[in-house]
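Beneath this line is the structure, given in structure tokens, with notes to follow.
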Amino acid sequence: MKTSVDDVKKVDVTSSTGVSDLQNGLATVETNLKQVKTDAKSDFSSQLGAVDTALNTLKSSLTTAKSDPSGASVTAAAAAAQAFEGAVAALTTTVKSTC
């Protein structure tokens with residue numbers, strides 16, 4: 001999952017294909033997240049819930065940015081991406097601390 005999140009972080013959302021590239025990357029993250037949830041749901045349910053919420057918020061803001069590519073919608077998508085990154089970092093830290 002970390003690699004797919006790192007790939008999403010590298011997307012230039014200001015490019016002409018940025019929003020689509022980000023949506024495609026998030027689809028991969030979502031697939032990987034489902035596997036993590038299956039493997040570790042009982043141990044990390046709180047952190048997984050935060051990642052899930054952040055992912056859904058990011059997907060929604062990207063849909064808005066794609067249909068209305070204004071400065072405000074792109075800024076909102078960037079903020080949602082940062083929140084998602086933070087949620088993933090918190091999950092990663094928690095998982096590492098138990099290993």
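The values are calculated or read from the model by the stated rules, or taken from the named source; none is laboratory data. Computed from a prediction, not measured in an experiment: that's the story for all the values here. Heads up, the Cβs are rebuilt from the backbone with ideal geometry, glycines too, and the neighbour counts pull from every protein chain shown.
See the values below:
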| quantity | calculated |
| --- | --- |
| Total residues in region 53-65, condition touching a helix residue (DSSP H, G or I) at 6+ places or on another chain (Cβ under 9 Å) and surrounded by fewer than 16 Cβ atoms within 10 Å (Cβ to Cβ) | 3 |
| Criterion: of a type outside the set (D, E, K, R) and in contact with a Phe, Trp or Tyr (Cβ under 7 Å, 6 or more places away or on another chain) - qualifying residue of LEU48, LEU33, LEU55 | LEU55 |
| Residue within region 41-48 that is surrounded by 14 or more Cβ atoms within 10 Å (Cβ to Cβ), at pLDDT below 90 and not hydrophobic (A, V, I, L, M, F, W, C) present | no |
| Neighbours by Cβ (under 8 Å, 6+ apart or cross-chain): first from region 67-94, within 19 Å of LYS2 (Cβ to Cβ); second hydrophobic (A, V, I, L, M, F, W, C) and not in a helix (DSSP H, G or I) | ALA81/VAL13; VAL88/MET1; LEU91/PHE44; THR94/PHE44 |
| Subset tally (residues that are in contact with a Leu (Cβ under 9 Å, 6 or more places away or on another chain) and part of a loop (DSSP other than H, G, I, E, B)) for region 17-44 | 2 |
| Leading residue by the ranking (surrounded by the fewest Cβ atoms within 10 Å (Cβ to Cβ)) among those in region 20-30 that are touching a residue at least 12 places away in the same chain (Cβ under 8 Å) and not acidic (Asp, Glu) | SER20 |
| First in region 33-53 and under 14 Å from ALA87 (Cα atoms), second anywhere and surrounded by fewer than 18 Cβ atoms within 10 Å (Cβ to Cβ) and hydroxyl-bearing (Ser, Thr, Tyr), Cβ under 7 Å, 6 or more apart | PHE44/THR94; GLN47/THR94 |
| Residue in region 87-98 that is in a helix (DSSP H, G or I), charged (D, E, K, R) and surrounded by 15 or more Cβ atoms within 10 Å (Cβ to Cβ) present | no |
